[in-house]
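First comes the structure, then the notes that go with it.
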Amino acid sequence: MNIVGVDIGGTFTDLVGCIDGKIVTSKTSTTPADPTRGVATSLDLAHCSLPDLGEVLHGSTIAINTVLERKGARTALITTRGFRDVYAIGRGNRIEAFNLNFHRPKPLTERRHTFEVSERVNAAGEVVTPLDVAQIEALAAHIGTLGIDAVAICFLHSWANPEHERIAGDILRRELPNLFVTLSHEILREFREYERTSTTVLNAYVGPRVSNYLDTLDRYLRGEKFEGHLHLMRSNGGVMSLDQARTQPVSMMESGPVAGMIGAGRLARHLGLKQCIGFDMGGTTAKSSLITNGEPAIEEGYVIGDPASGQPMQLPVVDIVEVGAGGGSIAWVDEAGGLHVGPRSAGADPGPACYGKGSTDPVVTDADLVLGRINGGRFLGGNMGLDMAAAERAIEAKVGKPLSLPVKEAAFGIAMIADTNMSLSVRAVSVNKGVDPRETAMIAFGGAGPLHAINVARQIFIPRVVVPKLPGTFSALGMLMASWRQDFVRTLVGRLGSLQKDIVERVFAELGAAGKDRMVKDRISGSVADFRFYADLRYVGQEHALAIPVDSPDMLTGDTTQVRKAFNVEHDLRYGQAAIEEQMEIVNVRLVVTASKEDTIAEEWLTQDWTPTDNVAETSRDVIYDDPNRPHKARVLWRPSLPAGFTLTGPAVIEEPNSTILIHPGDKVTVTRAGHLIVDIANAE
């Protein structure tokens, strides 16, 4: 089956496809006003005929950008009487205790658009106060006069009994058919009132914009006679159907970046890397994720934006730390004369000054061009020339003159600050989690990743960097390896060893039925589905829990020795200690249903023997590495010309159509049998 993956980033739209058994790629500028134009252009550049495709996989930053830019729908929130301000109050902790400008997350709904209704369900799911249907009907009429685009409904303890939410949702959908309505139990059935409310509001807030975009994309594909399946990348590393993405767009928050980490995990497994760090630097941001035994870490919670003031989302997400440092990140000087890079980005339009679109703001790509690290004549395979003079003018005007620095010194400062900023994200997924970077490797991808990864790795003593084939479009390649995945959860609180067997069995049965129902809706064959249950366990008195695999309800209600031992081992690995004498309790039961792809061409391609495709002569040029006044004469090689087994020692620049690899003096490069680059960093210790 012919299949393509398309990843829309803030700056570029990438495509990788398996067409007639061969890998095809393309890269083009993103069109912010209409992202489907970037999709159409990428398909044309790769010579992909939509009628011949069986599946299109798609990832986009539209959902998360909608939140970060606060450009979502005008949203109302309906909750239980007496709990109107739960969402605004949030948690009582103060993450940045000494920050005088600290502020709590700002709600995405205005208080005047937060409404209470009479109803009450207790934590056991028992109705204490019946829902006042007349209030809901009157509220629907009132909301219709406010210009509201979306409504989030989150009643107290609806995770235990969602009947009141269903009734309220039916009324609103009947009375206001153009309203985007989100019910909390349709997104997740888990306790923690604040995080559940925030997740529900997030879904409603991004819903109209994301669903409109998906409808536009679907119309374009169908208009071009595409008759296959359209699947969307989820933040949990799996894919979902178009219909589910329309109703649960909150699941798409990190849909693009996670695909690259899935691909990095497959490559790590092929190379025998037990623990590594995926590093993805694009035009707008840089992302890092810890990968263990070929699997990126999944966290049951996430904050969109700043950890202290961002928006909490209580859904499974690949654990990615993101910083606003990419090729398009703008360099600027503050009033005190301090040089900063990012988080604001030039994006695709106008882009860096060197793109020649009229921008006068210097960005990281402009600095790399001035430092000789990228070739303006080979950018995007020579399809997009870069303007050196424009880059120099922007750097001189906005950085050089304010700081009284020559252009090259200013450019070097921009690059160094960007690398330092990105090293913080790598530290966050390694050092901050108790992992010694010296015992890991880095897998670098993204259009700008291989250009900066080696210096980032050197800063925190990572000894080896792997640059895969097709690094510039690697996230799109990762989409072709992603499984269909669904996550389900039910809150179940009780002491381990004292749980009622019938209640536990009922929870398992409900989860299993939900998984099978979703399989039917998405036309997933039972023969390829894999059902795995987990119990969220903790020591009594702890706040957060660890997910431990369980095969059946009997492991929680019968002999619990095995699950206790597994929890203690995991707790020791995660926190460095285990309190084996403490009592334990369960808080949730989870089900993860996956269906692996039948087509494994993309994954097999990662391990196929490499054969050079071009014969391009080696050249050289001056490149600035560590001293703006002392450039190195670097070898310049074309990656498609390098045979398996080829080695070199830097300084060197290895160029390819959609990326550039900067090899520092003393670093050793080896081309593997499959064509991946292994860079052993000099003096990494």
Segment 41-54, subset touching a residue at least 60 places away in the same chain (Cβ under 8 Å) and either touching a Cys at 6+ places or on another chain (Cβ under 6 Å) or surrounded by fewer than 20 Cβ atoms within 10 Å (Cβ to Cβ) (or both), residue farthest from Glu322 (Cα to Cα): Pro51
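Can you pull out the residues in segment 608-634 that are closer than 24 Å to Ile443 by Cβ and surrounded by 16 or more Cβ atoms within 10 Å (Cβ to Cβ)? Step through it out loud before you land on a result.
Taking segment 608-634 as the starting set, the residues that turn out to be closer than 24 Å to Ile443 by Cβ are 608-613, 623, 625, 634.
Answer for segment 608-634, where residues must be closer than 24 Å to Ile443 by Cβ and surrounded by 16 or more Cβ atoms within 10 Å (Cβ to Cβ): Trp610, Pro612, Val623, Tyr625, Ala634.
How many residues does segment 173-200 hold that are farther than 24 Å from Leu511 by Cα and of a type in the set (A, V, I, L, M, F, W, C)?
Residues meeting the conditions: 3.
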Any hit, segment 107-119, residues being touching a residue at least 40 places away in the same chain (Cβ under 8 Å), over 24 Å from Ser309 (Cα atoms) and not assigned by TED's automatic domain parsing to the domain that holds Thr247: yes
Hits in segment 349-366 (condition: under 16 Å from Phe12 (Cα atoms) and among the acidic types (Asp, Glu)): Asp349
Pairs where the first residue, in segment 653-665, is more than 18 Å from Arg458 (Cα to Cα) and the second is in a strand (DSSP E or B) and charged (D, E, K, R), C-beta under 7 Å, 6+ apart: Asn658/Lys27
Selected residue (only one of Arg104, Arg74 is in the same structural domain as Val127 (by TED's automatic domain parsing) and at pLDDT below 90): Arg104
Residue satisfying condition, being at pLDDT below 90, under 22 Å from Met416 (Cβ atoms), surrounded by 24 or more Cβ atoms within 10 Å (Cβ to Cβ) and small (Gly, Ala, Ser), within set Gly342, Gly283, Gly324: Gly283
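Within segment 222-239, restricting attention to residues that are hydrophobic (A, V, I, L, M, F, W, C) and surrounded by fewer than 22 Cβ atoms within 10 Å (Cβ to Cβ), which residue is nearest to Glu322 (Cα to Cα)?
Among residues in segment 222-239 that are hydrophobic (A, V, I, L, M, F, W, C) and surrounded by fewer than 22 Cβ atoms within 10 Å (Cβ to Cβ), the one nearest to Glu322 (Cα to Cα) is Leu230.
Can you pull out every residue in segment 357-373 that is out of contact with any Cys (no Cβ under 7 Å at 6 or more places or on another chain) and crowded, with 24+ Cβ neighbours inside 10 Å? Steps first, please.
First, the residues of segment 357-373 that are out of contact with any Cys (no Cβ under 7 Å at 6 or more places or on another chain): 357-364, 367-368, 370-373.
Answer for segment 357-373, where residues must be out of contact with any Cys (no Cβ under 7 Å at 6 or more places or on another chain) and crowded, with 24+ Cβ neighbours inside 10 Å: Pro362, Val363, Val364, Ala367, Asp368, Val370.
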Of residues in segment 126-140 being touching an Asp or Glu at 6+ places or on another chain (Cβ under 7 Å) and of a type in the set (A, V, I, L, M, F, W, C), the one farthest from Pro177 (Cα to Cα): Leu131
Gly10, sole failed condition from (1) modelled with pLDDT under 85; (2) surrounded by fewer than 18 Cβ atoms within 10 Å (Cβ to Cβ): (2)
Evaluation of Ala428 against (1) touching a residue at least 40 places away in the same chain (Cβ under 8 Å); (2) out of contact with any strand residue (DSSP E or B) (no Cβ under 7 Å at 6 or more places or on another chain) (one fails), failing number: (2)
Check on Thr647, touching a residue at least 24 places away in the same chain (Cβ under 8 Å), hydroxyl-bearing (Ser, Thr, Tyr) and out of contact with any His (no Cβ under 8 Å at 6 or more places or on another chain): yes
Strands (runs of 3 or more DSSP E) fully within segment 221-339 counting 3 or more residues that are among the hydroxyl-bearing types (Ser, Thr, Tyr): 286-292
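Can you confirm whether Gly5 is in contact (Cβ under 8 Å) with a residue 12 or more places away in the chain, assigned to a strand (DSSP E or B), small (Gly, Ala, Ser) and closer than 27 Å to Gln311 by Cα?
Numbers: in contact (Cβ under 8 Å) with a residue 12 or more places away in the chain: yes; assigned to a strand (DSSP E or B): yes; small (Gly, Ala, Ser): yes; closer than 27 Å to Gln311 by Cα: no.
The answer is no for Gly5.
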Segment 326-353, residues that are over 22 Å from Ala33 (Cα atoms) and either touching a Ser or Thr at 6+ places or on another chain (Cβ under 7 Å) or without any contact (Cβ under 8 Å) to a residue 60 or more places away in the chain (or both): Asp334, Glu335, Ala336, Gly338, Val341, Gly342
Residue check, Ala40 modelled with pLDDT under 95, under 30 Å from Gly17 (Cα atoms), aliphatic (A, V, I, L, M) and not in a loop (DSSP other than H, G, I, E, B): yes
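Between Leu470, Leu480, which is touching a Cys at 6+ places or on another chain (Cβ under 9 Å), at pLDDT below 95 and of a type outside the set (Gly, Ala, Ser)? Spell out the reasoning first.
Values: Leu470 fails: touching a Cys at 6+ places or on another chain (Cβ under 9 Å).
Matching residue, one of Leu470, Leu480: Leu480.
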Any chance Thr28 is assigned to a strand (DSSP E or B), buried (at least 20 other Cβ atoms within 10 Å of the Cβ) and without any contact (Cβ under 8 Å) to a residue 24 or more places away in the chain: yes
Residue that is farthest from Val323 (Cα to Cα) [pool: residues in segment 432-455 that are assigned to a helix (DSSP H, G or I), modelled with pLDDT under 95 and touching a Phe, Trp or Tyr at 6+ places or on another chain (Cβ under 8 Å)]: Arg438
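The values are calculated or read from the model by the stated rules, or taken from the named source; none is laboratory data. Here the structure is a predicted model, which is why all the values come from computation and not from measurement. When we count neighbours, we look across all protein chains shown, and the Cβ atoms used for this are built from the backbone with ideal geometry, even at glycine.
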